[in-house]
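Everything on this sheet refers to the single structure shown next.
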Amino acid sequence: MSKKEKENSRRSFIKNGAIASSFFIVPRNVLGGIGFVSPSDQLNLAAIGAGGKGRSDIKNASVNGRERVTALCDVDFSGSAADTVKLFPNAKRFADYREMLDTMKDIDAVTISTPDHVHGPAAKYAMERGKHVYVQKPMTHNIREARLLTEMARKYKIVSQMGNQGASNPLLKTVQMWVDSGKLGKIGKVQIWTNRPVWPQGGAMPKPDDSLKPKDLDWDMWLGPSEFKPFTPNMHPFNWRGWWDYGTGALGDVGCHLIDIPFRTLGLKYPTDAECSVASVYTKMWNADYNPEGCPASSFITLHFGETLKSKSKIEMTWSDGGIRPSHPDIIPANEDIGGTNSANGVMIIGEKGIITTNINDSSPMMPKLFLNDGTRELGPDLPKNMESEYGHQRLWVDACKAGFKSKEHLGLTSSFDYAGPMTETVLMGNLAIRSYMLRREDSKGKMEFFARKKLLWDGENMRITNLEEANQFVGRTYRKGWEV
């Protein structure tokens, strides 16, 4: 058999998730001792975005060396990605994921851990080439991309997972049990809050300065689908989160952790409307600063959802960021945190009989608690000791890749795109409302008026605001030539 034929055979085995028979697979303990993994039974993995969160994503996906990491792609290997190179010194290195995927055709699956604006383009490019994808949260930069990737995963039979690792936290089952058992009665309201942003946000965009660009940073590749501009300091590697061209603000950072809890347990789908208000910043009297290119210092979002099988009633969901949190409910002792430590982040699911409160659902202690109006109080169990890193979220995806599309492993994933797509769209609806809130134009008297500060009615199936056409520009985005999605 030729080398090419052998590789095709290996890829077919992995893609289809076939169960190997004893006629041609020698037991692993005979081949190389207990724990030995045959090369034909390994995935070839690659990372798009190898620094920061990308390091833990590809490390966890490798399952302590059980799988083979063959390539790393990053725009700056002098930064934190250098530590990932040390973990996988034999992996080939690339700056352009398109070159990596076109030249290394034996890659089976990729982790995508770039800034938000590259999630959609990179995932689309990989999926079109038959690669399974693990994409960091939020799944995409905008709603249209989320819908597109969800449909593509089905079309190309891709095993997908979004990187909101808290979705695999076993304590979610406790919250689900409390909801499903009817302990809260009819549920009508959800309140969510966060201390994000914890990076610079709400001010003016820094001025470009090419002289400050790190020597090894490929700035053109970093910009990806965004409009080209000279190097802008204080963007790479983290503070891009606060700028609409690249990031998705506080909602994009932790919305897929926090909103996931009620979205999942209540069986929600698309909201029916969205409205918001945002903080005003004044650096001079009477004239609020206007920086529509960036996310606000804080915001308050309201979304409504129709009845579901879980909730049996319409749901109002509120989101607040910038450290603004809801009032402390009377049935929760005044000296007790709501949500997480110091009440910095949290979720409250509010029913006619009581309240469920939890912390952020990432790698923080989730701390689920049930408070009923009759004084009953229940606490969720402690997590098992020696829990797998990030609840095995990446490893479960890898196992599903090997088992195949529509396998029980694939269907058991907690954040495949069939679920993560609609949930991400809901998260990004908040940003659509924020960006619409900042729309303004000159009125008949020559003064600037904010004309979009209203409740936006949303047709989720068709991805359209039905009562303000100008808001629909934020359903998608404009792409730089060569980066279209």
Selection count where residues are in contact (Cβ under 8 Å) with a residue 40 or more places away in the chain and either β-branched (V, I, T) or closer than 30 Å to I355 by Cβ (or both), scope segment 136-177: 22
(1) buried (at least 20 other Cβ atoms within 10 Å of the Cβ); (2) modelled with pLDDT under 95: which one isn't true of M448, the others all being true? (1)
Going by the structure shown, is T283 over 26 Å from N239 (Cβ atoms) and among the hydroxyl-bearing types (S, T, Y)? no
Take the residues in segment 233-257 that are of a type in the set (S, T, N, Q) and surrounded by fewer than 23 Cβ atoms within 10 Å (Cβ to Cβ), then tell me which one is modelled with the highest pLDDT. N239
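Residues to consider are V30, V63; find the one that is modelled with pLDDT under 50 and either of a type in the set (K, R) or surrounded by fewer than 20 Cβ atoms within 10 Å (Cβ to Cβ) (or both). Steps first, answer last, please.
Details: V63 fails: modelled with pLDDT under 50.
Matching residue, one of V30, V63: V30.
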Examine segment 418-426 for a residue that is modelled with pLDDT of 95 or more, over 28 Å from G351 (Cβ atoms) and of a type in the set (F, W, Y), and state whether such a residue exists. no
Quick check on K447: is it farther than 30 Å from V175 by Cβ, among the charged types (D, E, K, R), in the same structural domain as P271 (by TED's automatic domain parsing) and in contact (Cβ under 8 Å) with a residue 60 or more places away in the chain? no
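Restricting to segment 413-427, count the residues that are among the acidic types (D, E) and crowded, with 21+ Cβ neighbours inside 10 Å. Give the steps one after another, and end with the answer.
Our first condition is that a residue be among the acidic types (D, E); within segment 413-427, this holds for 418, 425.
Retained after the next criterion (residues that are crowded, with 21+ Cβ neighbours inside 10 Å): 425.
Matching residues across segment 413-427 total 1.
For the subset of segment 202-223 comprising residues that are among the small types (G, A, S) and closer than 21 Å to P292 by Cβ, which member is surrounded by the most Cβ atoms within 10 Å (Cβ to Cβ)?
Step one: of segment 202-223, the residues among the small types (G, A, S) are 202-204, 211.
Filter once more, so that each one left must be closer than 21 Å to P292 by Cβ: 202-204.
Values: G202: 20, G203: 13, A204: 12.
Here the answer is G202.
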Picking from K124, K183, the residue that is farther than 23 Å from E388 by Cβ, buried (at least 16 other Cβ atoms within 10 Å of the Cβ) and assigned by TED's automatic domain parsing to the domain that holds D218 would be K183
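Do we find that V190 is surrounded by 22 or more Cβ atoms within 10 Å (Cβ to Cβ), assigned to a strand (DSSP E or B) and either out of contact with any Phe, Trp or Tyr (no Cβ under 7 Å at 6 or more places or on another chain) or among the charged types (D, E, K, R) (or both) in this structure? Lay out the reasoning, then the answer.
On the way: surrounded by 22 or more Cβ atoms within 10 Å (Cβ to Cβ): yes; assigned to a strand (DSSP E or B): yes; either out of contact with any Phe, Trp or Tyr (no Cβ under 7 Å at 6 or more places or on another chain) or among the charged types (D, E, K, R) (or both): yes.
Taking the combined requirement at face value, the residue satisfies it.
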In segment 407-443, what residues are outside the structural domain of G242 (by TED's automatic domain parsing), part of a loop (DSSP other than H, G, I, E, B) and free of Cβ contacts under 8 Å to residues at least 40 places away in the same chain? G412
For segment 196-235, the count of residues that are within 23 Å of the chain's Cα centre (by Cα) and of a type in the set (S, T, Y) equals 1
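Got a sec? Which of T111, T84 is over 21 Å from the mean Cα position of the chain (by Cα) and buried (at least 23 other Cβ atoms within 10 Å of the Cβ)? First the steps, then the outcome.
Working: T111 fails: over 21 Å from the mean Cα position of the chain (by Cα).
After applying the criteria, what remains is T84.
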Does segment 263-315 hold any residues that are without any contact (Cβ under 8 Å) to a residue 24 or more places away in the chain and hydroxyl-bearing (S, T, Y), and which are they? S280, Y282, T283
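Yes or no: segment 106-126 includes at least one residue that is without any contact (Cβ under 8 Å) to a residue 60 or more places away in the chain and not in a helix (DSSP H, G or I).
No, the conditions are met nowhere in segment 106-126.
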If I filter segment 368-376 for residues that are of a type in the set (G, A, S) and in a loop (DSSP other than H, G, I, E, B), do I get at least one hit? yes
Against the conditions (1) surrounded by 24 or more Cβ atoms within 10 Å (Cβ to Cβ); (2) under 17 Å from the mean Cα position of the chain (by Cα); (3) within 30 Å of E484 (Cα to Cα); (4) not aromatic (F, W, Y), where does L148 fall short? Just the number, please. (1)
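Which residues, taken from segment 303-318, are under 24 Å from R453 (Cβ atoms) and over 20 Å from the mean Cα position of the chain (by Cα)?
Of all residues in segment 303-318, those under 24 Å from R453 (Cβ atoms) come to 303-305, 314-318.
Matches in segment 303-318: H304, F305, K314, I315, E316.
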Do you know which residues across segment 382-412 are exposed (fewer than 15 other Cβ atoms within 10 Å of the Cβ) and either touching a strand residue (DSSP E or B) at 6+ places or on another chain (Cβ under 7 Å) or not polar (S, T, N, Q) (or both)? D382, L383, P384, K385, M387, E388, K406, K408, L411, G412
Residue within segment 455-472 that is under 17 Å from D245 (Cα atoms), free of Cβ contacts under 8 Å to residues at least 60 places away in the same chain and either part of a strand (DSSP E or B) or not polar (S, T, N, Q) (or both) present: yes
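The values are calculated or read from the model by the stated rules, or taken from the named source; none is laboratory data. Since we're looking at a predicted model, the values are computed, not measured. With ideal geometry, Cβ positions are generated from the backbone for all residues, glycine too; neighbour counts draw on all protein chains shown.
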